[in-house]
Amino acid sequence: MTDYLTWAILVITLLVFFIYFLERRRLQKLPPGPLGLPILGVLPRFDFRDIETYRRLRRQYGDIYSLNLGLQKVVVVCGYEMLREVFVVNGDATSDRPQNYLMKELSENAERRRLQKLPPGPLGLPILGVLPRFDFRDIETYRRLRRQYGDIYSLNLGLQKVVVVCGYEMLREVFVVNGDATSDRPQNYLMKELSENAGVVATSGPVWRELRNFCLRTLRDLGYNKRFIDKCVQEEIPYVFDEIEHCIGQPFDIKPLIQMSISNIVCSIVYGKRYDYQDPEFRKLIANMSTVFEKGSSTGAINFFPFLRFLPGDLFGVKKLKECYQVEVEFNKQRIKDHKTFFNPRDPPRDYIDSILFAQTKTEILNKTQVYHHISEMFAAGTDTTATALRWALLYLIHYPEVQDKMASEIMQVTDGARLPVIADKVNMPYSTAVVTEVLRMGNVAPLSLPHVTSQDFTVAGYLIPKDTTLIPCLSSFTHDADMFPNPHKFDPGRYINSEGFLRGREKVLAFSLGKRSCLGESLAIMELFLFLTSLVQRYKFSMKDSSNPPSLKEIFGLTYSPIPYQLVASKRD
Ligand code: HEM
């Protein structure tokens with residue numbers, strides 16, 4: 001209880017400072033206006049029901065002036081020219097109606113009635129909500145709350161309404177059936193700080209739709225299909241073998257090698273080239289990106305209480321994350337500059353950046369900020385997620401050597417050991433395909449996907465979920481659902497294989513989320529995982545450094561769910 005009290009006092013103090021700072025900043029940039037008291041503003045100074053007040057203030061401050069009224073920004077616009085400038089010329093930005101209290105109370109969607117209809121959930125403290133009660137970086141918390149409150153439950157986190165969605169049926173109902181209302185992205189603090197709310201991941205509405213369509217269309221038009229990925233991986237894998245050859249028989253951490261080799265596939269697509277594993281700039285880039293994924297969090301306290309950033313030091317690691325992400329953005333700025341030197345719009349695009357440069361001549365959406373962040377997100381999302389899944393794969397394979405042996409014999413049977421596997425082999429390698437699926441299920445790289453936000457009210461299971469509610473798709477509730485996957489904590493690729501040795505056709509594990517916002521790199525990631533894993537297992541047998549002290553299967557839960565660094569031993573297959 002004392003803990004809660006200390007927290008509450010701390011937060012209230014910070015809140016007051018926060019409001020004060022906000023107030024100062026806002027007054028510096030807004031049109032001039034009369035000064036007011038903290039919180040109450042100018043309300044006690046003037047009679048705002050007398051029109052003469054507005055005339056007097058206009059005479060004093062001009063055609064546009066600010067009023068500090070409570071916690072709201074209010075700007076009064078007077079005179080024909082200024083009214084026209086604000087409401088006609090800038091009509092796109094100025095035509096929304098504020099949700100003021102009286103309007104809200106009178107409307108059918110009164111907040112009180114809404115809240116009565118939200119899904120159930122645990123009780124929390126004022127302001128802090130349930131944050132001090134649970135560890136939201138532990139996936140078990142979400143599972144426990146699901147057992148207690150069902151497939152859809154509310155969390156009161158700071159001043160935000162948050163609803164967690166679990167189980168296949170409910171996930172489908174919310175994100176597919178009601179996809180029109182549930183496909184926006186919340187403007188959470190961390191995302192804003194890192195990506196300035198630009199790029200496919202962070203945007204919503206028409207900008208997001210256009211960016212996402214551009215991305216999908218461009219990947220298709222550039223021909224990034226099965227044959228391209230086969231070729232790319234076949235070119236990359238000899239470099240990976242070279243590195244492993246130096247470590248045969250000795251324990252080593254394969255993480256950097258996996259990250260760089262997977263990254264090179266994205267680099268070939270985006271920059272039109274691969275990077276040398278010894279390239280210091282490339283190594284720095286990968287290391288910084290890895291920090292962002294391990295230390296970042298979409299459900300961390302800083303997202304719900306952004307004013308905590310005013311605490312001294314870097315308690316929530318935001319400065320560090322920004323520094324790391326900035327390394328990536330700067331790298332991409334340079335790549336775009338390099339491309340511009342040789343870009344010729346009459347030539348066919350050499351890679352993704354060329355396609356962007358070409359598209360920039362046709363659409364305003366691809367402005368500088370969007371482009372830097374979009375390229376950066378493609379690089380990051382396309383590298384870290386897939387590399388993390390591959391690290392889980394090798395970790396499970398050294399824990400389950402019988403699975404590895406079965407996979408190896410299937411690969412030998414199909415390729416004769418004479419050539420590297422290709423995507424077309426998938427149909428003849430049901431067991432290896434099942435291993436990839438089981439890795440995606442057990443590794444569960446994005447157990448809470450990314451948060452969504454409702455763009456309008458909608459009803460589900462008898463609850464009314466209001467506009468601006470943050471939604472957390474709890475994918476792990478499906479990947480570890482005992483009804484769907486008996487003995488869900490066991491790594492068992494055999495669960496997808498029928499008695500004739502074929503895939504059952506029920507291999508969807510929702511690792512890439514679902515609905516309009518689902519991962520746009522899904523098929524690329526699955527192809528990469530299949531090719532890298534089968535090529536590695538074809539050539540090497542992987543084992544533990546010390547079987548009496550096996551590496552942990554526990555995770556680091558940041559932006560992704562990744563294995564704790566481990567060492568393995570590679571030996572050549574005969
Ligand atoms: C094993 C690998 C991967 C996993 C598990 C994964 C998972 C996910 C998940 C769960 C989301 C969030 C979907 C949602 O908002 O509900 C997502 C979004 C996204 N992913 Fe992936 N991903 C992987 C690989 C990739 C690759 C290779 C790329 C790029 C080439 C990529 C690009 C993206 C992008 C751009 C989004 C944002 C989509 C949007 O907001 O519309 N991902 N991914």
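If one takes the longest principal axis of the Cα atoms in the chain, at what angle in degrees, from 0 to 90 and to the nearest 10, does the Cα axis of helix 226-245 lie? It works out to around 70 degrees. Length gained on full extension, ALA461 to ARG144: 112.1 nm, using 0.36 nm per residue less the C-alpha separation. Comparing ILE229, LEU10, THR560 along the charge dipole axis of the chain, the residue lying farthest to the positive side is LEU10, per the Cβ-charge model. Among the GluC sites (Glu not before Pro) found in region 460-523, those both in a DSSP coil and sparsely packed, with 12 or fewer other Cβ atoms within 10 Å of their Cβ, are GLU500.
Counting pairwise Cα distances across region 316-420, what percent come out greater than 20 angstrom?
61 percent
Rounded to the nearest 20, the Cβ-based charge dipole of region 397-536 about its Cα centre (Lys and Arg +1, Asp and Glu -1) stands at 280 debye.
In a reduced charge model with +1 at each Lys and Arg Cβ and -1 at each Asp and Glu Cβ, the chain shows a dipole moment near 1320 debye about its Cα centre. With both labels modelled 7 Å from their Cα along Cα-to-Cβ, the TYR168 to SER95 distance reads 4.5 nm. 3J(HN,Hα) couplings calculated from phi for region 374-389 with the Karplus curve 6.51 cos²θ - 1.76 cosθ + 1.60 (θ = phi - 60°) are, in sequence order, 5, 4, 5, 5, 4, 4, 6, 5, x, 9, 5, 4, 5, 5, 5, 4 Hz; Gly and Pro show x. Once the Cβ-Cβ distance of ALA359 and GLN187 is raised to the sixth power relative to R0 = 30 Å, the FRET efficiency obtained is 0.75. Counting other Cβ atoms within 10 Å as a rough exposure proxy, the listed residues VAL177, VAL509 run VAL177, VAL509 from fewest neighbours to most. The three principal axes of the C-alpha atoms in region 365-466 carry coordinate ranges of 56, 44, 25 Å, sorted with the longest axis first.
Take every Cα pair under 8 Å in the chain that's 6+ residues apart, average their separations, divide by the length, and report that relative contact order as a whole percent. Relative contact order of the chain: 18 percent.
To the nearest 500 deg cm²/dmol, what mean residue ellipticity at 222 nm is calculated for the chain from DSSP H runs of n ≥ 4 alone, each contributing -39,500 (n - 2.57), summed and divided by the residues?
Computed ellipticity for the chain at 222 nm equals -15000 deg cm²/dmol.
Just want the answer: with Cβ charges of +1 for Lys and Arg and -1 for Asp and Glu, which residue in SER432, GLY505, PRO238 is farthest toward the dipole's positive end in region 193-572? Comparing the listed Cα positions along the dipole, GLY505 ranks first. From the largest down, region 144-269 spans 53, 40, 33 angstrom on the principal axes of its Cα atoms.
Relative to the longest principal axis of the Cα atoms of the chain, the long axis of helix 2-29 lies at roughly 70 degrees. Exposure proxy shown here: for PHE343, PHE331, PHE478, the number of other Cβ atoms within 10 Å sets the order, fewest to most, as PHE343, PHE331, PHE478. Placing +1 on the Cβ of each Lys and Arg and -1 on the Cβ of each Asp and Glu in the chain, which of TRP208, ASN344, TYR277 has its Cα farthest towards the positive end of the resulting dipole? Checking the options against the dipole of the chain, the answer is TRP208.
Remark on ASN156: its backbone amide H falls under 5 Å from those of VAL130, a criterion applied only to residues 5 or more positions apart or on other chains, H modelled at 1.01 Å from N.
For the chain, the longest principal axis of the alpha carbon atoms and the long axis of helix 51-61 meet at an angle near 70°.
At a 10 Å Cβ-Cβ cut-off, how would you order CYS78, CYS267, fewest neighbours first?
CYS78, CYS267
Just need log10 I(q)/I(0) for region 193-572 at q = 0.07, 0.11, 0.14, 0.15 Å⁻¹, Debye formula, equal scatterers on the alpha-carbon atoms, no solvent, rounded to two decimals. The Debye formula, applied to the Cα set alone, gives -0.33, -0.83, -1.34, -1.51.
Pairs spanning more than 23 Å between alpha-carbon atoms, out of LYS192/LYS295; LYS295/LYS490; LYS231/LYS295; LYS117/LYS161; LYS340/LYS368; LYS117/LYS467: LYS295/LYS490; LYS231/LYS295.
Only the coordinates and a few stated rules stand behind these numbers; no lab work does. Here the structure is a predicted model, which means the values were calculated and not measured. Please note: Cβ atoms are built from the backbone with ideal geometry, for glycine as well, and neighbour counts cover all protein chains shown.
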